Amino acid sequence: MLLLNLTVYGFRNLVEQTLSFGEGLQVFVGPNAQGKTNLLEAIYTLVVGRSFRPVEESVLVREGASGFRLSGKVERRAGEMKVVLVYNKEKRAKTVEVNSQPLKRIIDLWGEAKAVVFSPQDVQLIKGPPMVRRQFLNRFLGQASPTYRHNLLRFSLALKQRNAILKKLSRGESEESLLIWEEAFVNFGQAVVEERAKKIEILAEKANSAYEQIGAGDQRVIIKYRPSSQNLARDISLSRQKEILQGSSLFGPHLDELEIYLDGKEAKSFSSEGETRALSLAIKLAEWELVKEETGEEPLLILDDALSELDERRQVALLSLLSGYPQTFLSLVSKRFLPDPFSSTAEVFYVQAGEARKSA
Amino acid sequence: MPYSSPSLTKLIEALRKLPGIGPKSAERIAFYILKSPPQESEALVSAIMEARWNVKACSICFFLADTDPCPICQDKARDQETICVVEDSRDVIAMERAGAYKGLYHVLGGALSPLDGIGPGDLRISELFERVRQGKIKEVILATNPTMTGDITAAHLAQQLKVMGVKVTRIAHGLPVGTELELADEVTLNLALQGRREM
């Protein structure tokens, strides 16, 4: 997939502008706080429907603007498409159109366009709470598989409904539709767990080879899936009283966890800063491969500040690897991080005060 | 709101309560009403009042109509042995517009959603079971929406209807007419396959 152009309006500190992009490395260069990451964020938000930073939509709106509007033309296997994403601050409403057709839900955009992002915050993927890893799983598998999107959506609805029933029961009221909702909860939940188990195994393999490719080291990367329940139907029937007492569902994919190991040691507690960054980057590159294999579409690759903490040898290793992708968006503090031959083949944009200018 | 006329403010506030009408639309409609001839306003008011007094839910199927029972329930030419269960009166109108169904209806008045406080007791489910128990009905077609709550409601009804010895069917979901297979998404295709029939 290629993003051919991007028009931003009212987004973060960015001034209204239209940029056109080519294949290969697309590099945003500039000092801090000028808008490099905001441009990457605009690209990601346009393609995936939400920011990769954990923020409310209203924060993305430029000061004084009533909302933001992102649009762009995307070239993909299934043909060119024009995506328009609009956020209205007053209505707190986000709408997205593909080729002038409004989509019913933002999540439907995942079926149309794909992107994988790596940012400094991704160390949270290794060191952060389980929720970060579950969000990663859902976003990644949701882009890889429409069946997963469907099952996850239905599971989440069934979970909310079931919790509402459990709360009702905990107040001593009765509710005869519990069993029928539970059946949906179990079936869709089990489907989510099965697909996670299958795909995480492949992800782990790919992450292991990506870790070596980026020159991080020869430690073995192991990712283990830890579902909160091996048998959802059995576990909820055994702990019904406890669940009613607490008024919430204590088992299910909404409580699953991933364990990540480097050479047998759990990375969450033991990996160094450099290892953590390399590890999260390797997982993102593995995600890219997997989404491509599952959908036949090569996602956009977006890397925020990925080079600055690497030594020169690893920078070159990573840049060579990135040059092999159809289109990669990269932010750099200075062009000196872009040695020859990359500086001559990449398209470089200088970013200053919210505006990007293509270098001649 | 900074309007000079309290009557205008009242009108706008009343319009704002309607579904899908925000403050701007309410304002636009109010000004349109004020600009158009008074007869039009009178016609609108009487249309609203007339509908309000005359339209009521049919005591058999709960479809909205001017008469009770509704024209559909009164029509003896329709198949009296089949009931099509829908969530809303608007679904009856859609089915009737399509014109292919000649049986009776039953409007549930929504779908099961504990989250919104809607349990089986809040829908016209016992009324449906009562109609089936009277013995004339041979088939119940479950035509609730293919959403999570619609599917669950259908599953709930099916479970109980089956023990009453009546044939229970669910309307098919699948490919929209005119769609090419390669353009259909995986989920829809899978559903279409699950619901395939012999030819």
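Per-structure values
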{"quantity": "Magnitude of the charge dipole, the protein assembly as shown, Cβ model with Lys/Arg +1 and Asp/Glu -1, debye to 20", "calculated": "960 debye"}
{"quantity": "Spin-label model distance (nm) - A:Q135 vs A:S308, 7 Å beyond Cα toward Cβ", "calculated": "2.1 nm"}
{"quantity": "Listed residue (A:Y87, B:L157, A:S229) projecting farthest to the positive dipole end of the protein assembly as shown, Cβ model", "calculated": "B:L157"}
{"quantity": "Summed buried accessible surface, chains B and A, 1.4 Å probe, nearest 100 Å²", "calculated": "1600 Å²"}
{"quantity": "Extension reserve of the A:S344-A:E75 stretch, reckoned as 0.36 nm per residue once the Cα distance is removed", "calculated": "94.4 nm"}
{"quantity": "Surface accessible to a 1.4 Å probe, A:R314 within the full protein complex, Å²", "calculated": "70 Å²"}
{"quantity": "Rounded if a/c under 1.5, otherwise prolate or oblate - region B:11-54, Cα gyration tensor axes", "calculated": "oblate"}
{"quantity": "Region B:44-162: C-alpha gyration tensor shape, a/c 1.5 cut-off, then a/b vs b/c", "calculated": "oblate"}
{"quantity": "Pairwise label distance in nanometres, B:D116 with A:S269, each label 7 Å out on the Cα-Cβ vector", "calculated": "4.8 nm"}
{"quantity": "Area of A:H150 that stays accessible when all protein chains are in place (1.4 Å probe, Å², to 10)", "calculated": "50 Å²"}
{"quantity": "Cα centroid separation - region B:123-142 against region A:300-360, whole Å", "calculated": "67 Å"}
{"quantity": "Anisotropy class of region A:60-131 from Cα gyration tensor, a/c 1.5 cut", "calculated": "oblate"}
{"quantity": "Size of charge dipole - region B:77-177 - debye, nearest 20, with Cβ of Lys, Arg +1 and Asp, Glu -1, no other charges", "calculated": "420 debye"}
{"quantity": "Rough spin-label spacing in nm, given labels placed 7 Å along Cα→Cβ, for B:I33 and A:K89", "calculated": "3.3 nm"}
{"quantity": "Whole-angstrom Cα spans of chain B along principal axes, big to small", "calculated": "67, 46, 34"}
{"quantity": "Crossing angle, helix A:130-144 versus chain A [Cα axis fit, 0-90 degrees, rounded to tens]", "calculated": "70 degrees"}
{"quantity": "Euclidean distance between Cα centres, region A:141-201 to region A:64-78, Å", "calculated": "33 Å"}
{"quantity": "A:E287, A:E355, reordered so the largest accessible area comes first (probe 1.4 Å)", "calculated": "A:E355, A:E287"}
{"quantity": "Nearest-0.05 FRET efficiency for A:I202 and A:K104, computed from C-beta distance (R0 22 Å)", "calculated": "0.15"}
{"quantity": "In Å², nearest 10: area of A:T7 left accessible to a 1.4 Å probe", "calculated": "40 Å²"}
{"quantity": "Folded to 0 to 90 degrees: helix B:89-98 orientation relative to chain B principal axis, Cα", "calculated": "70 degrees"}
{"quantity": "Förster-model FRET efficiency, 45 Å R0, B:K24 and A:A33, C-beta, rounded to 0.05", "calculated": "0.75"}
{"quantity": "Coordinate range along principal axes, alpha carbons of region A:226-343, Å, largest first", "calculated": "66, 36, 25"}
{"quantity": "Carbon + sulfur, % of accessible area of the protein assembly as shown - ligands and nucleic acids excluded, 1.4 Å", "calculated": "52 percent"}
{"quantity": "Options A:L238, A:L19, A:G324, ranked by Cα towards positive dipole end of chain A, top entry (Cβ charges)", "calculated": "A:L238"}
{"quantity": "Accessible surface ranking that places the most exposed of B:T147, A:T37, A:T45 first, with a 1.4 angstrom probe", "calculated": "B:T147, A:T37, A:T45"}
{"quantity": "Using a Förster distance of 22 Å, the FRET efficiency for B:N190-B:Q160 (Cβ separation, nearest 0.05)", "calculated": "0.20"}
{"quantity": "Which listed pairs, of A:K104/A:K224; A:K104/B:K102; A:K127/A:K206; B:K136/B:K162, have C-alpha distances above 24 Å, in listed order", "calculated": "A:K104/A:K224; A:K104/B:K102"}
{"quantity": "A:D340, B:D75, ranked by accessible area, largest first (probe 1.4 Å)", "calculated": "A:D340, B:D75"}
{"quantity": "Semi-axis lengths (Å, descending) of the ellipsoid that matches the C-alpha gyration tensor of region B:1-83", "calculated": "39, 14, 10"}
{"quantity": "Cβ charges +1 (Lys, Arg) and -1 (Asp, Glu), total dipole of region A:122-296, debye", "calculated": "500 debye"}
{"quantity": "Rounded tilt (10° steps) of A:146-170 against the dominant C-alpha axis of chain A", "calculated": "40 degrees"}
{"quantity": "Calculated SAXS-style log₁₀ I(q)/I(0) at q = 0.07, 0.10, 0.14 Å⁻¹ - chain A, Debye, Cα scatterers", "calculated": "-0.33, -0.67, -1.20"}
{"quantity": "Convex hull projection area averaged over all views, region A:122-296, Cα basis, nm²", "calculated": "10.3 nm²"}
{"quantity": "Within 10 Å of each Cβ in A:174-181, the average number of Cβ atoms from other chains", "calculated": "6"}
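The values are calculated or read from the model by the stated rules, or taken from the named source; none is laboratory data. All of these numbers come straight from a predicted model, not from anything done at the bench. All Cβ positions, even for glycine, are placed from backbone atoms using ideal geometry, and neighbour counts span all protein chains on display. Accessible surface is based on the protein model in full, side chains and every heavy atom, while ligands, DNA and RNA are left aside. Shrake-Rupley method; radii C 1.70, N 1.55, O 1.52, S 1.80 Å.
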